[in-house]
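Q: Quick one: this structure, given as structure tokens, is what I'll be asking you about.
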Amino acid sequence: MSPHCTTTSRACSANRPPFPPYQQSRWATEQDAVTTTDKGHGRVETRTLRATPVLSKYLSAWPGIAQVFQIHRVRRWPDGRVEEETSYGITSLRPLDAGAARLLSLNRAHWSIENNLHWVRDVTFGEDASRIRSGNGPQILAATRNALTHLLTAAELPNFAAALRRFAIRPLEAFRLVNTATRQTEN
């Protein structure tokens, strides 16, 4: 046995199961897992989420934790490159409320919303290029950008950048849009 090996190292114990048979069967019955494969952005991505309520007992410092989960992602590109990533999470959703499939769906939806909002703020509104960095200015501008994003989304405008250019040329249309949205929230 190599001096670099430990009893739990994967390289030294490849043929040895990580737990005794009783714990393996218990782990298998108390976890939920799902795997999805998607193709897009020039790659194939496989995601596996494993969730269990068992480990939540060890995290009693965080009240309300019902499950812990692991997401393992494998991305494969046509040129043969492979990238693997593993992340962990905690949730207050019980296994009855959200199994592995729903947790994976919620996780993907969260990042979709997060990425879309930040992309609009960064690219369309140029937030990263803003030189305003002191006082209340950054918070006020961020709130204004968020309000504008929601206003344009509610107006079902397909292209925010084109809408902003149009409103720059025709400011009265922008005022009408704000006025229409204000009347709709009052009713």
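Q: Name the single residue that is farthest from Q31 (Cα to Cα) among those in the range 54-79 being in contact (Cβ under 8 Å) with a residue 12 or more places away in the chain, not in a strand (DSSP E or B) and not hydrophobic (A, V, I, L, M, F, W, C). Working first, answer last.
A: The first filter runs over the range 54-79 and keeps only residues in contact (Cβ under 8 Å) with a residue 12 or more places away in the chain, leaving 54-56, 59, 62, 64-78.
Still in the running and not in a strand (DSSP E or B): 54-56, 59, 62, 64-66, 77-78.
With the extra rule that they be not hydrophobic (A, V, I, L, M, F, W, C), the set shrinks to 56, 64, 78.
Numbers: S56: 12, G64: 19, P78: 33 Å.
It comes out as P78.
Let's see how each residue does on (1) outside any helix (DSSP H, G or I); (2) among the charged types (D, E, K, R); (3) surrounded by fewer than 10 Cβ atoms within 10 Å (Cβ to Cβ); (4) at pLDDT 85 or above:
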site: H118; (1), (2), (3), (4): no, no, no, no
site: V123; (1), (2), (3), (4): no, no, no, no
site: D128; (1), (2), (3), (4): no, yes, yes, no
site: L152; (1), (2), (3), (4): no, no, no, yes
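Q: For the range 54-70, does any single residue satisfy the condition of being among the hydrophobic types (A, V, I, L, M, F, W, C) and under 13 Å from the mean Cα position of the chain (by Cα)?
A: No: zero hits.
Q: I'd like the full set of residues that are over 20 Å from V123 (Cα atoms) and surrounded by 13 or more Cβ atoms within 10 Å (Cβ to Cβ), limited to the range 156-177.
A: Within the range 156-177, A174, L177 meet the criteria.
Q: Scanning the range 93-116 for residues that are small (G, A, S) and exposed (fewer than 11 other Cβ atoms within 10 Å of the Cβ), which turns out modelled with the lowest pLDDT?
A: Here is the first cut: in the range 93-116, the residues small (G, A, S) are 98-101, 105, 109, 112.
Narrowing the set further to residues that are exposed (fewer than 11 other Cβ atoms within 10 Å of the Cβ) leaves 109, 112.
On the way: A109: 82, S112: 70.
Taking the candidates together, the pick is S112.
Q: If you don't mind, there's one more thing I want to ask. Residues being closer than 30 Å to L157 by Cα and outside any helix (DSSP H, G or I): count how many of those fall in the range 93-116.
A: The number of residues fulfilling the criteria is 0.
Q: Being touching a residue at least 40 places away in the same chain (Cβ under 8 Å) and not hydroxyl-bearing (S, T, Y) is the filter here, so list the residues in the range 115-139 that pass it.
A: Filtering the range 115-139 down to residues touching a residue at least 40 places away in the same chain (Cβ under 8 Å) leaves 120, 124.
Within the range 115-139, V120 is the sole residue that qualifies.
Q: Next question, about the same structure. It is to be established whether one or more residues within the range 80-87 are part of a helix (DSSP H, G or I) and surrounded by fewer than 13 Cβ atoms within 10 Å (Cβ to Cβ).
A: Keep residues of the range 80-87 that are part of a helix (DSSP H, G or I), which gives none.
No.
Q: So, A129, is that one under 30 Å from S56 (Cα atoms) and of a type in the set (G, A, S) or not?
A: no
Q: Next question. Does any residue in the range 144-165 that is closer than 15 Å to W119 by Cα come within less than 7 Å, Cβ to Cβ, of a residue that is outside any helix (DSSP H, G or I) six or more places away or on a different chain, and which pairs are these?
A: Partner pairs satisfying both residue conditions: R145/F125.
Q: Another one. What are the pairs with Cβ atoms under 6 angstrom where one residue, in the range 29-53, is closer than 23 Å to G64 by Cβ and in contact (Cβ under 8 Å) with a residue 24 or more places away in the chain and the other, located anywhere, is acidic (D, E) and surrounded by 14 or more Cβ atoms within 10 Å (Cβ to Cβ)? Sequence gap at least six, or different chains.
A: A51/D32
Q: Collect the residues in the range 42-53 that are farther than 20 Å from A100 by Cβ and in a strand (DSSP E or B), keeping them in residue-number order. It would help to see each step written out before you state the result.
A: So the first thing to find is which residues in the range 42-53 are farther than 20 Å from A100 by Cβ, and the list is 42-44.
R43, V44, listed by residue number.
Q: Quick one: in the range 154-184, which of the residues that are under 30 Å from the mean Cα position of the chain (by Cα) and part of a helix (DSSP H, G or I) is modelled with the lowest pLDDT? Before you say what the answer is, go through the steps one by one.
A: Of all residues in the range 154-184, those under 30 Å from the mean Cα position of the chain (by Cα) come to 154-164, 181.
Next cut, part of a helix (DSSP H, G or I) only: 154, 160-164, 181.
Values: A154: 85, F160: 87, A161: 88, A162: 91, A163: 90, L164: 88, A181: 71.
Ranking the candidates gives A181 first.
The values are calculated or read from the model by the stated rules, or taken from the named source; none is laboratory data. In this text, all values refer to a predicted model and were calculated from it rather than measured experimentally. Ideal geometry is used to build each Cβ from the backbone, glycine not excepted, and the neighbour counts take in all protein chains shown.
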